[in-house]
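Okay, so here's the structure we're looking at.
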Amino acid sequence: MDRFYVTTPIYYVNDVPHLGTAYTTIVADALARFHRLRGSQVRFLTGTDEHGEKIEQRAKELGVAPRAFVDGASQKFREAWPHLSCTPDDFIRTTEDRHVRVVQDLWRKCRDAGAIYAGTYRGLYCVGCEAYYTEKDLVEHEGAQVCPIHRTKPQVLEEPTYFFKLSAFQDRLLAFYEKYPSFVAPETRRNEVISFVKGGLQDLSVSRTSFSWGIPVPDDDPERRTGLGRSGSDKAEKHVMYVWFDALTNYLSARGEETSVLRTTFWPPDVHLVGKDILRFHTIYWPAFLMAAGFPDEQLPKKVFVHGWLTINGQKMSKSLRNVVEPLALARELGTDVVRFYLLREINFGQDGDFSHAQLIARYNAELADSLGNLLNRNLGLVTKLRADQPTLAATAKGPLEEKLEEAARTALAGAIAGFVEVAPHKAIEAIWGLIRAGNKYVDEAAPWAEAKKGENARVDTILATTLEALRWISVLVWPVMPSVSDRMRAQLGLPALATAQGTDALALTWTPDRPTAGLTVGQPIFPKIDADGQARIFAALGVTTAPEVPAEAPKAADKKPEKKGRAPIEPAKELAYEEFARVDLRIGTVLSCERVPKSDKLLKVQVDLGEEAPRQVVAGIGKTFAPEALVGKQVVVVANLAPAKLMGLESRGMILAVRGESDADLALLSPTVARAAGSRVS
Ligand code: ME8
């Protein structure tokens, strides 16, 4: 039987669960649910990282003993995740005995293999990152050299330490990345890691003596230490482990004791999900520790999937902004599943993404209320209206429309499976929504109300049964992302809630459009539309200001240039449903050649490569700003499905997007910030 072991980072308890940590946990939960749905044996692990200087400092600030502090703080994480429908199989704490034992055992194995030696560390340390830095890692900020993440000056450390011989693993790590190309994903992160390792690895300080809140280094007999090389008093120092040696081992210690079944079943991990901030720890240190302890390559974790960074309404997450997108408050206002859906849908997993309240409401209305909710309510309504008196609805009068919908269902199923397997939940959702869109289109085209008028009852039954079948499939497909929505849909469809069972693949769906009507209930719409008042209420409850918040770097009001007189306020355009926007085919084009249109000072005839067989000719009114030769080789954004038009007798097939300044002679072109293949979709 297949098994699947997925992990999140274990979160530092000096913070509370927030949108960033919720994001990784929700993705892990959706993956775990997908694999459970397929009947695999699944282990989903999360937990808390409770040792280290940062935590010790935080407890001190609060005036409590570290132990009492971590107990309370860890509990907040444990309690938060079920409120987001995240159901980990285990929650590990690094202060638990089961963990401490395994970490010390791993240390002994590394030490006995000669990979740990005693010495003195002289260098820089950022407590915020719990990471060592060299001068060249730092960045300039307000005249000082600071940590690139926390913008604080690192500590200068000089203390006796045990080193891990990371430098000795450089070649084996490179060979490992070569042999297992999928170990680091996405590809760009893999390249980043390889080039970092190729640049040379320094031995890593893996113990600290200047604080005590950590796992004691085992067998740390001062008399046995050699090479610590400082005064006799140092020999009495107690070494605790570097917090990352301790923390990374959680993935191993959660497997339990030698005798535990988990131990054999759930190793190696299938996917470690991590944010890009902790890429190196997971892709360099972690496999190196395991290698040192004697793990063969095939027993190392299979994949570290590195995701991007979330911003909030376009701004970096900060403590004050976090309150506004406190995940549990969002879930209370909008529903847990809506928050899960939005995060998984909106962000291309792996890339940076933005959490925007306005976009959340827009997606909710377009994709949940208008698409999924509409398909369900409309069809149950039609059954009640047209054929409630029938005990069963059977698809006996099938035609090409039914075939098309069945095909769309199969495509959605395959796409959803592929998306989850490749750790791309956004692709899985896109595939599922392909079926939802097809379902709505099908009902419009098949028009059961018109068939009913004609007395074509066999057609009416066929249409209703076919749509109900599509809804049944959808209720299964959405479960990993929206488990409660799936339950509610199924209750209205007269189907039992999904129960996962090991060895039973609930995604082995068969298309059987043949349904009893008993049990079908038109319930409350599961996604009532949110109108402007509703949005205002939600925003008020969450403390979201509708006006964009002033970014920290923005000039203060007094420094601002006075507004130009007579400048009209920006009129908000009429709201556009996402579905409508999605019909605009925006593509990246590369300008191959360009010339002026005779007798026009404004028009340019541009040949653009859109990744098609032949270049497209676009006639663009940008000639007052740009000389033709200046555009060759530039990448632009093209509306590719604009109906062809004739301008001064020349055919134009598309439109190049530009932003107007003061006049037609002051245009700016839109262009990707990094080169993209011609024809890439803009979305
Ligand atoms: O690093 N966007 O814990 P941590 C996306 N204890 N994800 C975010 C995010 C954001 N703005 N902010 C946080 C630690 N995350 C260590 C891990 S593992 C052996 C030890 C998520 O509490 C993301 O997954 O700082 C990131 O890697 C993690 O939270 C960091 O959590």
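Distance from the Cα centroid of segment 396-430 to that of segment 17-84 is 34 Å (rounded to whole angstrom). Working note: Karplus 6.51/-1.76/1.60 with θ = phi - 60° gives segment 304-315 the couplings 10, 9, 9, 9, x, 9, 8, 10, 10, 6, x, 10 Hz, where Gly and Pro are set to x.
Ranking Thr462, Val102, Phe355 by how far each Cα lies toward the positive end of the dipole of the chain (charges on Cβ) leaves Thr462 at the top.
Pairs with C-alpha atoms separated by more than 32 Å, drawn from the list Lys76/Lys276; Lys599/Lys634; Lys303/Lys529; Lys136/Lys319, are Lys303/Lys529. Sites listed here are GluC sites (Glu not before Pro) in segment 237-305 whose DSSP assignment is loop and whose Cβ has at most 12 other Cβ atoms within 10 Å: Glu257, Glu258.
Checking every one of the GluC sites (Glu not before Pro) in segment 611-675 against DSSP loop status and a limit of 15 other Cβ atoms within 10 Å picks out Glu612, Glu613, Glu662.
In a DSSP loop and with at most 13 other Cβ atoms within 10 Å, the trypsin sites (Lys or Arg not before Pro) in segment 376-464 are Lys454. Each Cα pair under 8 Å and six or more residues apart adds its sequence gap; the mean of these over the residue count of segment 578-669 is a relative contact order of 28 percent. Here the 3J(HN,Hα) profile of segment 650-662, calculated from phi with Karplus coefficients 6.51, -1.76 and 1.60 at θ = phi - 60°, is 9, 6, 10, 10, x, 9, 8, 7, 9, 10, 7, x, 6 Hz, Gly and Pro shown as x. Legend note: in the chain, cysteines whose Cβ sits 4.7 Å or more from every other cysteine Cβ are Cys86, Cys110, Cys594. Note: relative contact order over segment 357-516, using C-alpha pairs below 8 Å and six or more positions apart, is 29 percent. Taking amide hydrogens as placed 1.01 Å from N in the peptide plane, the amide H of His307 sits under 5 Å from those of Val274, Gly275, Lys276, each at least 5 positions away in sequence or on another chain. Note on Gln57 and Asp585: the model spin-label points, each 7 Å out from Cα along the C-beta direction, lie 5.5 nm apart. The mean accessible area for residues of segment 275-342, using a 1.4 Å probe and ignoring ligands and nucleic acids, is 35 Å² per residue. For the chain, the gyration tensor built on C-alpha atoms gives an oblate shape. Its axis ratio a/c (a ≥ b ≥ c) is at least 1.5, and a/b is not larger than b/c. Rounded is the label for segment 3-307. Its Cα gyration tensor axes, ordered a ≥ b ≥ c, give a/c under 1.5. Using a 1.4 angstrom probe, figure out how much accessible area segment 357-516 has per residue, in square angstrom, rounded to the nearest whole. With the other protein chains kept in place, segment 357-516 gives 38 Å² per residue.
Assuming a ≥ b ≥ c are the square roots of the Cα gyration tensor eigenvalues, decide whether segment 34-117 counts as rounded (a/c under 1.5), prolate (otherwise, with a/b larger than b/c) or oblate. It is oblate, given that a/c is not under 1.5 and a/b is not larger than b/c.
Summarising the strand pairing of the chain, around 70 percent of its internal DSSP beta bridges are antiparallel. Close amide-amide hydrogen proximity is noted between Gln145 and no other residue 5 or more places distant or on a separate chain, at a cut-off under 5 Å (H modeled in the peptide plane; Pro and chain starts excluded). A cut-off of 5 Å between modelled amide H atoms, ignoring neighbours fewer than 5 places along the same chain, links Arg3 with Gln41. Per residue of segment 413-418, in order, report the coupling 6.51 cos²θ - 1.76 cosθ + 1.60 (Karplus, θ = phi - 60°) as ³J(HN,Hα) in whole Hz, putting x for Gly and Pro. So the J values, rounded to whole Hz, are 4, 5, x, 5, 4, 4.
For the chain, adding -39500 (n - 2.57) for each run of n ≥ 4 DSSP H residues and dividing by the number of residues yields -11000 deg cm²/dmol at 222 nm. Say R0 is 35 Å: what FRET efficiency, to the nearest 0.05, do Ala144 and Asp90 get from their beta-carbon distance? For R0 = 35 Å, the calculated efficiency reads 0.25. Within the accessible surface of the chain, defined with a 1.4 Å probe on protein heavy atoms only, the carbon and sulfur portion equals 53 percent.
Net charge of the neighbourhood of Asp90, taken over other residues with C-beta under 12 Å away and scored Lys/Arg +1, Asp/Glu -1, is +3.
The values are calculated or read from the model by the stated rules, or taken from the named source; none is laboratory data. Keep in mind that what you see is a predicted model, and the values were worked out from it rather than measured. Positions of Cβ are backbone-derived with ideal geometry, glycine not excepted, and every protein chain shown enters the neighbour counts. Only protein heavy atoms, including side chains, enter the accessible area calculation; ligands, DNA and RNA are left aside. Shrake-Rupley method; radii C 1.70, N 1.55, O 1.52, S 1.80 Å.
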